Structure formats: structure tokens, C-alpha cells
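Chemist: Below you will find the structure I want to go over with you.
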Amino acid sequence: MIIARRARVRGLTKRIAGRWQGNALFSAAPRGLLALKALNERARSKGLTFVRKLPPKVYGRIGNLEVRLARGRKDILSAQRLRYQVFYEEMSATPSMIAGMRRLDQDPYDAICDHLLVEDHSAEAGARRDGWARTRRPHVVGTYRLLRQEVAQRSLGFYTASEYDIGPMIAAKSPRYRFMELGRSCVLQPYRTKRSVELLWHGLWTYAREHKIDVMIGCASFEGTDPDAHAMALSFLHHHALAPAEWRCRARDRLFVPMDRIPRDRIDTKAALKALPPLIKGYLRLGAFVGDGAVIDRQFGTVDVLIVMPVENIDPRYFGHFGAPDELKSRVAVEA
């Protein structure tokens, strides 16, 4: 019976091979290492598809750290594991039963977004992760989730719209301005250094220039769900960083939490800046604004504020380090 089954399989294989040999697209294909490339090129010229693994899109490297785009399911899973580790294990996010079992931070937006990854390629990083000294696989230590306007509009919309009324601003500014949403930003605790964050920003800025992005939006967070614990910093943002009328978006009425908790003349600027999370402080240095009102996100255990960052508003002094808006190549790109 086993012999008969094997014979049927061999016969089927021969028939399929015979059909391919009779196809002009495949009949002249070379053998050996060049075959896959040749088949792919011929198939593309005929308007057909031929599966071939694409090389990774690398945006730069500093030492053992590399920033690139995720290529497929395995890369996205790595980002989701990292997000779970940071948001749920280190911080105070509350996982669902499924998230807790899988130990992954997942939602439907992961399928439509691009994912920026920072990887540590050192052997020591692999050994720390797997407990096996010979592993050479890179370790994902940082990530950003990126959603371009055209992708959002033909699918789920922007995630930020669930907390802030961004629709009128986007409608008023489009199509002159192209928007991109930033989300799920995190870096593994031992890697929260200037080098890691700088590399993540190199990748983000190169991606934005590559896709001709004019405005970056998204929510940034304070840890904890008590806005009074962040009264000084929130009040500073309201009085000194509130977006002008043309860029201002308000938190949804059912979620709106006032940010002006302390009068302007009673704000200690030095204390407020010290209390700001590093990510929000970085956005402000670049030239970003904040929206009107904060939002309490009880699932993630945070107080969120809306960040609006028009590229035209970015302080030009940063272009000397990260690259001018009309440059396409990353300043830390690895030469081929």
C-alpha cells in the first residue's frame, strides 16, 4: 500500500514537471543558484508572481544595533513579544486572558501597519535571550508601529481617532499634507540609551522621508491613570505646547480630561520638564504640539496626550544630524 502511494506521488510529480517543461516561461530556465532569480525575473516580465524572499530593508546601523522594517509574521511576533514585555510586565498594562496566555501585545492594526525594529546583533544578546551561547539570531530590543494615511483610509482608519477627534484636521489639511501615525513605541529597559533611541529615530525619519510624510501624529503616555499625579507636566503642556487652532484636535467628549490643572503663573518650568516622559520631551524639542485634553487609557494604565508634529515645524538644527527633508538615505546607512 505504501509502495502504491509512493508510485502515485511520483507519477503526479512527473506530470507536473512535464507541464512546466512545456511552458515557455520555465523551459529556458538555468539550473543551479541562478535558477530562482531567473524564474522570478521572467515571471515578473509576464505579469505573474513567483515567491521569493525579499532582502530586509535596513535603515541604519550603529555598532551591534541595526534598525530595519519587519518583513513578515515572525518579525511582527518579535515586536509583539517586546511590547508585551514592556507594557504588561514592566509597566502596568492589564492583559486580556488571550494576551496573557500568548504573552503578546496584539490588535487588528498590526496587520496593516509597518513595524520598525531595532535589533541587537551581538552574540551576547542572543545568549541572554535564549540561554544558549551558540545562538546567532538578532534580538529585537526596540520597535515603532507606523501607519500611513493612505493605508488607514482604505482599512481601519487611524488608531488615534478612538481617543481624539482628528478627522476635521486631517480633512482640512489633505491632500496638501500627508499624515502618518506613530504608535506602540517601546525600547527594552537595558537598551534605553542615547544610541538605541537615536537609531530608532534615524529609522523613523528615513521612513518618513521615503514616503514623503508631512505630519506625524499619535498618542504619547504618562505612566499611571491619575492625572493629578502629573498635574505640573500636563499643565505645562497645556499652557506652553498646545497646538495652534489649525492643528488643534480635542479629546473625545466622553474621554476628555482637562490638562490645565495648575494656573500658568504657578507652573515650575524646571520641575515640569523633569516630570515629562523622555519621549514627549523629545517630541517637543523637535517642534511638536499637543492636543486639547488628556485621555485615561485604563487597559494600558496610562494618561495619554495627543502629539501633532508637522515636518515643516521641525527645528532645522536636527537636520544636520538626522538628514534634511529632501534626503532619502539614512545618515547611519550601512554601505553595501
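Chemist: Do we have any residue at all in the range 77-84 that's within 18 Å of Asp297 (Cα to Cα), in a helix (DSSP H, G or I) and either open to solvent by 40 Å² or more (accessible area, probe 1.4 Å) or not hydrophobic (A, V, I, L, M, F, W, C) (or both)?
Modeler: Within the range 77-84, one or more residues are within 18 Å of Asp297 (Cα to Cα), in a helix (DSSP H, G or I) and either open to solvent by 40 Å² or more (accessible area, probe 1.4 Å) or not hydrophobic (A, V, I, L, M, F, W, C) (or both).
Chemist: Filter the range 218-238 down to residues that are among the hydroxyl-bearing types (Ser, Thr, Tyr) and either out of contact with any Lys or Arg (no Cβ under 9 Å at 6 or more places or on another chain) or in a loop (DSSP other than H, G, I, E, B) (or both) and give me whichever is nearest to Asp165 (Cα to Cα). It would help to see each step written out before you state the result.
Modeler: In the first step, residues of the range 218-238 are kept if they are among the hydroxyl-bearing types (Ser, Thr, Tyr); the result is 221, 225, 235.
Within this subset, residues satisfying the condition of being either out of contact with any Lys or Arg (no Cβ under 9 Å at 6 or more places or on another chain) or in a loop (DSSP other than H, G, I, E, B) (or both) are 221, 225.
Details: Ser221: 18, Thr225: 21 Å.
Result: Ser221.
Chemist: Can you name the residue in the range 45-76 that is open to solvent by 80 Å² or more (accessible area, probe 1.4 Å) and of a type in the set (A, V, I, L, M) and is also modelled with the highest pLDDT among such residues? I'd like the intermediate steps shown before the answer.
Modeler: Of the residues in the range 45-76, the ones open to solvent by 80 Å² or more (accessible area, probe 1.4 Å) are 45-46, 48-49, 51-55, 57, 61, 71, 73-74.
In the following step, the residues that additionally are of a type in the set (A, V, I, L, M) were identified as 48, 51, 54.
Values: Leu48: 52, Val51: 43, Leu54: 56.
Checking each candidate, the answer is Leu54.
Chemist: Additional query: Just checking, how many residues over the range 206-218 are open to solvent by 20 Å² or more (accessible area, probe 1.4 Å) and in contact (Cβ under 8 Å) with a residue 40 or more places away in the chain? Please lay out each step first, then the result.
Modeler: Of all residues in the range 206-218, those open to solvent by 20 Å² or more (accessible area, probe 1.4 Å) come to 210-212, 214.
In the following step, the residues that additionally are in contact (Cβ under 8 Å) with a residue 40 or more places away in the chain were identified as 210-211, 214.
The total comes to 3.
Chemist: Against the condition part of a helix (DSSP H, G or I), modelled with pLDDT of 85 or more, small (Gly, Ala, Ser) and out of contact with any Gly (no Cβ under 9 Å at 6 or more places or on another chain), how does Ala125 come out, does it pass?
Modeler: So Ala125 fails the test.
Chemist: While we're on this one: Search the range 293-311 for residues that are on the phi > 0 side of the Ramachandran plot and pair each with any residue that is open to solvent by less than 10 Å² (accessible area, probe 1.4 Å) and not in a loop (DSSP other than H, G, I, E, B) when their beta-carbon atoms are under 7 Å apart and the residues are at least 6 apart or on different chains.
Modeler: Gly293/Ala251
Chemist: Residues Glu210, Glu181, Glu223: which one is more than 18 Å from Phe87 (Cβ to Cβ) and of a type in the set (Asp, Glu)?
Modeler: Criteria check complete, one pass: Glu210.
Chemist: Next question, about the same structure. Within the range 178-212, restricting attention to residues that are acidic (Asp, Glu) and not in a strand (DSSP E or B), which residue is modelled with the lowest pLDDT?
Modeler: Step by step, filter the range 178-212, then rank; the result is Glu198.
Chemist: Pairs only if they're at least six apart or on different chains, beta carbon under 7 angstrom, first in the range 313-328 and among the aliphatic types (A, V, I, L, M), second open to solvent by less than 90 Å² (accessible area, probe 1.4 Å); list them, first residue then second.
Modeler: Once the first residue is among the aliphatic types (A, V, I, L, M) and sits in the range 313-328, its partners that are open to solvent by less than 90 Å² (accessible area, probe 1.4 Å) give Ile314/Leu286; Ile314/Gly287; Leu328/Arg209; Leu328/Glu210.
The values are calculated or read from the model by the stated rules, or taken from the named source; none is laboratory data. Source: prediction; values computed, not measured. Neighbour counts run over all protein chains shown; Cβ positions are idealised from the backbone, glycine included. Note: accessible area is taken over every heavy atom of the protein model, side chains too, but ligands, DNA and RNA are not part of it. Shrake-Rupley method; radii C 1.70, N 1.55, O 1.52, S 1.80 Å.
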